[in-house]
Amino acid sequence: MAIEGGRIVSPPPAGAVQPANVIDARGGLLTPALVEPHIHLDAVLTVGQPRHNLSGSLFEGIAIWGERVKDLTVDDVKRRVAQVLRWQVANGVLFVRSHVDVCDPKLTALRALLEVREEFADQITIQLVAFPQQGIQSFPDGEGLMRKAVELGADVVGGIPHFELTREYGEQSVKFAVALAHEFNRLVDIHCDETDDEHSRFLEVLAAETIRLNMQGRVTASHTTAMHSYNNAYAYRVINNVARARMHMVTNPLDNSVLQGRFDSYPVRRGHTRIKELMAAGVNVCIGHDSVMDPWYPLGYGDPLQAAFVLAHYGHMSGAEELKRLLEMITFNPARALGLPDYGLETGGPASLVVYEAPGEVDALRLIPRRRLVLRRGRVVARTEPALGHRELKAETEARRALEHDVVAVHLLHARARDDLRGEHVDAVELAVAGQRRVEPSHGARVAVAVRRRDLGRAP
Ligand code: FE2
């Protein structure tokens, strides 16, 4: 592949041009940059604050977040978000749609994310969704806050109809959200029917409003887990209407595999949307990560491949052809949902690319390997050497020397490319201490120069 001026160009005849820089992909899989269509950046890295989710349910998660949100400051949000964005870039994610809770008269999280969107613009493209975590009709001045969020610069209008106080409020909230997006020429992405309640049927309202206001292709429904529990005749009808409305769907296997079915006795429902049936009807289905260490999901590091791996199991998508489609669900499909112009591997397109430490799609899913190289518009924005690479071994030796003796192994994560390893910035290190592995931020420490135990003591 040839790259010039940040764009993919036709390779010149051999020997015709001396390239300024040659990167050997060493047979690794190459894809366009990953696209994260559904994450809640304002909530990342808050797990356990102010308390842990003991039931594991969505509703306890919302209650805990309602307590945590009272302590939000712009700095608090920006610090946590910056950490996860660095992880995402290292994972090859260069396009992100983040929901942001706007049930806050000060709109603190949104103001922080608007600043982050600008500050990281040269590394990662961020779309922000005005997301009413506590509801639009059920929260004081919910409609006013949504409108203000859009006026401040939110790209997408959200909603959460199944959490509204009544079914009527839920319907009203969907109609309000689509109308607001229509008025301001924005996209729509609604948390829709994220429950095991088979009577939660707001997706049909969303499809109807999409068609009525001529918003086809501009509307996404996220989660739609209730569809798992619909009777087949109703599911068939609603899926056809979703296809007719040319809606995009986002399923979030990490969160929903642990949040759903919490009120069931045996047999316990899986609680995922009907992915295969939607795809068979021609609907664009994407995979989202949803949470990174927050009140709803205590794990994760922002890697879409992890979410795809879980969906291979939870969505019964382990068939040979199905496995390959999982990669599309974290690249091309979400690129369509976000309305990204200029995406893919075509000649003339931007060279925003990922090279994997794996030879093909199935191996990438199987191994979830670190991304060896991430390029944004032709520029290397992240580089991670193989676990046993020369640079890492050298860094490990030097870092161990600088650390106390109980650290038995240190692996660099997300190291930025530099010719000279000494003095290189790192964003995180993986430690193996007394048999336990954990990942910790190094706060921009320099390998073997400034990595000290005090830099490693703070968990993200
Ligand atoms: Fe979500």
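The values are calculated or read from the model by the stated rules, or taken from the named source; none is laboratory data. Note that the structure is predicted; figures quoted are calculated from it, not measured. Reconstructed Cβ throughout: ideal geometry from the backbone, glycine too, with neighbour counts over all protein chains shown.
Looking at this structure, is VAL9 touching a residue at least 24 places away in the same chain (Cβ under 8 Å), farther than 27 Å from ALA308 by Cβ and surrounded by 13 or more Cβ atoms within 10 Å (Cβ to Cβ)? So VAL9 passes the test. Per the listing ASP24, ASP42, the residue uniquely buried (at least 22 other Cβ atoms within 10 Å of the Cβ), acidic (Asp, Glu) and either assigned to a loop (DSSP other than H, G, I, E, B) or within 16 Å of the ligand (Cβ to nearest atom) (or both) is ASP42.
Going through (1) over 30 Å from VAL380 (Cβ atoms); (2) within 16 Å of the ligand (Cβ to nearest atom); (3) small (Gly, Ala, Ser) one by one, SER55 falls short only on (2).
Kindly indicate whether LEU254 is in a helix (DSSP H, G or I), assigned by TED's automatic domain parsing to the domain that holds VAL44 and within 16 Å of the ligand (Cβ to nearest atom). So LEU254 passes the test.
When the residues of segment 295-305 are filtered to those that are within 16 Å of the ligand (Cβ to nearest atom) and either aliphatic (A, V, I, L, M) or surrounded by fewer than 24 Cβ atoms within 10 Å (Cβ to Cβ) (or both), the one that is nearest to the chain's Cα centre (by Cα) is GLY300. Comparison of ALA226, ALA243, ALA221 shows that the only residue that is more than 16 Å from the ligand (Cβ to nearest atom), within 28 Å of LEU180 (Cβ to Cβ) and either surrounded by 15 or more Cβ atoms within 10 Å (Cβ to Cβ) or assigned by TED's automatic domain parsing to the domain that holds GLY302 (or both) is ALA243. Residues in segment 269-287 that are part of a loop (DSSP other than H, G, I, E, B) and farther than 15 Å from GLY315 by Cα were compared, and the one that is farthest from the chain's Cα centre (by Cα) is ALA281.
Just for segment 263-294: of the residues that are of a type in the set (Asp, Glu) and crowded, with 24+ Cβ neighbours inside 10 Å, which one is nearest to the ligand (Cβ to nearest atom)? Of everything passing the filter in segment 263-294, ASP290 is nearest to the ligand (Cβ to nearest atom). Do we find a residue being over 27 Å from VAL250 (Cα atoms), outside any loop (DSSP other than H, G, I, E, B) and not hydroxyl-bearing (Ser, Thr, Tyr) anywhere in segment 50-68? Yes, segment 50-68 has at least one match.
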